[in-house]
Amino acid sequence: MSNINASIITIGDELLIGQVIDTNSAWIAQRLNELGIDVVHRIAVGDDRSAILNALDEEVARASLVIITGGLGPTADDITKPLLNDYFGGKMIVDSRVLGHIKNLFSKRNRPFLERNMKQAEVPDNCIVLFNNMGTAPGMWFDKNEKVVIALPGVPFEMKSIMEEDALPKLRKRFISDALLHRSIITAGEGESFIAEKIKDLEEALPTHIKLAYLPGAGMVRLRLTGRSPDAQKLSYELQLRQEEIANRLGNIVVAMEDVPLEHAIGKWFIANKFTLGLAESCTGGYIAHHITQIMGATNYFNGSIVCYQNKIKEKLLGVKKETLDKEGAVSERTVTEMVHGALRTLETDYAFAVTGLLSAGGESDRVEVGTVWMAVADKETISTKMFRFPYDRAQNKEMAASMGMLMIWKFINRKNHK
C-alpha cells in the first residue's frame, strides 16, 4: 500500500484557549512523514464528547490512520478513553501489566495508590495496548475496517515514548509505503527570495517526484528536497546529486548539508578540531550558552559562559575598563572587544564570543538605538566584530541575536580553518 493518508486530532480545552501550545502535532507529523505517511489534516477540539465524536467521524472517513492525543488522564475532563470504548463497541477491562506498572510507579514515588489511579489501568478489550514506560496512561491502537486509530496521552514526553517504542514500529509493519527521503541544505546570510532567484533554473528542472521547500528561520533558510519513489536506492542517489548541485550554486552561504541546528554544526567542528569555546553574554543573558548545551557532547569543548548583564560584572570578571564603559557605553565596539578578550583570558579558551546590546527600550536608549547589538568573536590572534540592528520586539530581537551570534562563530571558525 502506498500514499497512506493520516489525520491528527488533539484534544483539550487548554489548546483552544491558548493556555498550552500544541507541539505534539508537529512532532507526530514529522515522524509519520519519515515513514512516507502523509498528514492531510490536523484538528484541535475541546473536552466535549460531541465535538470529539464529530471530529473522529470526519477524520476516519478522510484518512487510513488517525492519531489522537489528549484526554487519557484520570480526571473527569479526560473523556477520550470511555468515548473510544463506546465508539468501537468494546467493554472496559483492567490490563494487569499496566496496573502493575502504575502501582510500581506510585510505590517508587512513595505516594498512595488511589481508586482513581486504578482507572488508568482500564482499557477497552478490543484495543491493542501501547505501553507507557514514562507515565500511567497507556496508549491504545484500534484496528477496524482497514482503518487504524491510535490514542495517545497528551503529555509530550509520554506521547513520544509510546510512539517511538511501540506505535511507530507497528506502523512500519502495517503500512508499506513508497520510500520518502529528504535532503537538506542549511543556509545563512541571505533571504529566501535571493536564494529562489539564484537557483530558479535548478528548481524548475526538478523531476515531478522531487519537491523543494523553503523553510526560513531567524537569519537562516533551510532548503529541503523531498523525493518519493518505490526505488529507495535510486531516489537517494538522485537527491544527493540535486542537493550537491544546489549547494554548489549557493556557494559560501551554505552552512550545513544536513538538517541540524547551527549549534550542532559548531559543536561538531570544535570537537573534531579539539578546540575550546567560551562566551561572554550581556543582552542575551546566557541564551546562546543554552543553545550550545542543548547538544549532547558540549562538555567536550564548551568551557562556559559569563553572563555579564551588569557593567560591574563586565569590569570585574572580564576586565572591561571603566573608562570604556563611561566613554563608549556598554553597547559599543570597544566594550565588546574588551569583553571577548576577557572571555578568552578568564575562561581559558581557544575561541571566544561576546555580545552586548539593547534589545528593548531602557538602559542606554539615550545613547544607542533600540535593537543595536555588538558582537565579537576571537581567538588568540584574530578578532572579528560586527554591529547589528534588529527591528523586532525584545523576544524576537533576542532570538535574532542568538542566531546571528552562532552564525558569526560559524563563519569565523570556518574562515580560519580554510586559510
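The values are calculated or read from the model by the stated rules, or taken from the named source; none is laboratory data. Nothing here was measured: the structure is a model prediction, and the numbers come from that model. Glycine gets a Cβ as well: all are built from the backbone with ideal geometry, and neighbour counts include every protein chain shown. What goes into the accessible areas is simple: the full protein's heavy atoms, side chains included, and nothing from ligands, DNA or RNA. Shrake-Rupley method; radii C 1.70, N 1.55, O 1.52, S 1.80 Å.
Select from region 254-313 the residues that are among the basic types (Lys, Arg) and not in a loop (DSSP other than H, G, I, E, B) and write down the one among them that is farthest from Gly357 (Cα to Cα). Walk me through how you get there before you give the answer.
To start, the set of residues in region 254-313 that are among the basic types (Lys, Arg) comprises 268, 274, 312.
Narrowing further to those that are not in a loop (DSSP other than H, G, I, E, B): 268, 312.
Details: Lys268: 28, Lys312: 16 Å.
The selected residue is Lys268.
I'm trying to understand the selection: among the residues of region 291-316, which are within 22 Å of Phe275 (Cβ to Cβ) and either open to solvent by 60 Å² or more (accessible area, probe 1.4 Å) or acidic (Asp, Glu) (or both)? Explain how you work it out, then say what you get.
Let us first name the residues in region 291-316 that are within 22 Å of Phe275 (Cβ to Cβ), namely 291-306.
Scanning region 291-316 gives Thr293, Gln294, Met296, Thr299, Asn300, Asn303.
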Some residue of region 267-276 being open to solvent by 80 Å² or more (accessible area, probe 1.4 Å) and either modelled with pLDDT under 95 or of a type in the set (Phe, Trp, Tyr) (or both): yes
Answer yes or no: is there a residue in region 277-286 that is among the hydroxyl-bearing types (Ser, Thr, Tyr), surrounded by fewer than 21 Cβ atoms within 10 Å (Cβ to Cβ) and over 15 Å from Ile195 (Cα atoms). no
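Within region 156-177, is there a residue that is touching a Ser or Thr at 6+ places or on another chain (Cβ under 7 Å), outside any loop (DSSP other than H, G, I, E, B) and under 26 Å from Leu15 (Cα atoms)?
Our first condition is that a residue be touching a Ser or Thr at 6+ places or on another chain (Cβ under 7 Å); within region 156-177, this holds for 156, 159, 177.
Restricting the remaining residues to those that are outside any loop (DSSP other than H, G, I, E, B) gives 156, 159.
Still in the list and also under 26 Å from Leu15 (Cα atoms): 156, 159.
Yes: one or more hits.
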Options Ala280, Ala205, Ala188, Ala218: the member that is closer than 30 Å to Met375 by Cα, modelled with pLDDT of 90 or more and aliphatic (A, V, I, L, M): Ala280
Out of the residues in region 382-410 that are touching a helix residue (DSSP H, G or I) at 6+ places or on another chain (Cβ under 9 Å) and free of Cβ contacts under 8 Å to residues at least 24 places away in the same chain, which is surrounded by the fewest Cβ atoms within 10 Å (Cβ to Cβ)? Pro391
Quick one: is Phe194 under 20 Å from Gly73 (Cβ atoms) and among the aromatic types (Phe, Trp, Tyr)? no
Within region 8-31, restricting to residues that are under 16 Å from the mean Cα position of the chain (by Cα) and of a type in the set (A, V, I, L, M, F, W, C), the one that is most open to solvent (accessible area, probe 1.4 Å) is Ile21
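So for region 346-354 (the condition being open to solvent by less than 10 Å² (accessible area, probe 1.4 Å), in a strand (DSSP E or B), closer than 19 Å to Ala265 by Cβ and touching a residue at least 60 places away in the same chain (Cβ under 8 Å)), does at least one residue qualify? Spell out how you get there, then give the answer.
Within region 346-354, the subset open to solvent by less than 10 Å² (accessible area, probe 1.4 Å) is 349, 352-354.
Filter once more, keeping what is in a strand (DSSP E or B): 352-354.
Among the residues that remain, those that are also closer than 19 Å to Ala265 by Cβ are: 352-353.
Cutting the leftovers down to touching a residue at least 60 places away in the same chain (Cβ under 8 Å) gives us 352-353.
Yes, region 346-354 contains at least one residue that is open to solvent by less than 10 Å² (accessible area, probe 1.4 Å), in a strand (DSSP E or B), closer than 19 Å to Ala265 by Cβ and touching a residue at least 60 places away in the same chain (Cβ under 8 Å).
Could you run through region 297-337 and say how many residues are without any contact (Cβ under 8 Å) to a residue 24 or more places away in the chain and not hydrophobic (A, V, I, L, M, F, W, C)?
To start, the set of residues in region 297-337 that are without any contact (Cβ under 8 Å) to a residue 24 or more places away in the chain comprises 299, 310-313, 315-316, 320-328, 334.
After this cut, where a residue has to be not hydrophobic (A, V, I, L, M, F, W, C) as well, the list is 299, 310-312, 315-316, 321-324, 326-328, 334.
Summing the residues that are without any contact (Cβ under 8 Å) to a residue 24 or more places away in the chain and not hydrophobic (A, V, I, L, M, F, W, C) in region 297-337 gives 14.
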Being among the acidic types (Asp, Glu) and more than 20 Å from the chain's Cα centre (by Cα) is the filter; apply it to region 376-419 and report the residue that is farthest from Ala188 (Cα to Cα). Glu381
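Taking Val368, is it in contact (Cβ under 8 Å) with a residue 24 or more places away in the chain, touching a Phe, Trp or Tyr at 6+ places or on another chain (Cβ under 7 Å) and crowded, with 17+ Cβ neighbours inside 10 Å? Even if it seems obvious, please write down each step before you answer.
Values: in contact (Cβ under 8 Å) with a residue 24 or more places away in the chain: yes; touching a Phe, Trp or Tyr at 6+ places or on another chain (Cβ under 7 Å): no; crowded, with 17+ Cβ neighbours inside 10 Å: yes.
No; evaluated as a whole, the condition is false for this residue.
Residues in region 61-74 that are in contact (Cβ under 8 Å) with a residue 12 or more places away in the chain, out of contact with any helix residue (DSSP H, G or I) (no Cβ under 7 Å at 6 or more places or on another chain) and more than 20 Å from Leu35 (Cα to Cα): how many?
Within region 61-74, the subset in contact (Cβ under 8 Å) with a residue 12 or more places away in the chain is 62-74.
When the remaining residues are screened for being out of contact with any helix residue (DSSP H, G or I) (no Cβ under 7 Å at 6 or more places or on another chain), the result is 62-65, 73.
Within this subset, residues satisfying the condition of being more than 20 Å from Leu35 (Cα to Cα) are 73.
The total comes to 1.
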Would you pick out the residues in region 43-79 that are among the polar types (S, T, N, Q), over 28 Å from the mean Cα position of the chain (by Cα) and under 17 Å from Pro153 (Cβ atoms)? Thr75
Six or more apart or on different chains, Cβ under 6 Å: which pairs go from a residue in region 278-292 that's farther than 13 Å from Met404 by Cβ to one that's at pLDDT below 95 and buried (at least 20 other Cβ atoms within 10 Å of the Cβ)? Could you list them? Ile292/Glu263
Can you tell me which residue in region 109-167 is least open to solvent (accessible area, probe 1.4 Å), limited to those that are of a type in the set (Gly, Ala, Ser) and over 20 Å from Leu99 (Cβ atoms)? Ala167
Scan region 200-248 residue by residue and report those that are free of Cβ contacts under 8 Å to residues at least 12 places away in the same chain and not in a helix (DSSP H, G or I). Ala205, Thr208, Leu215
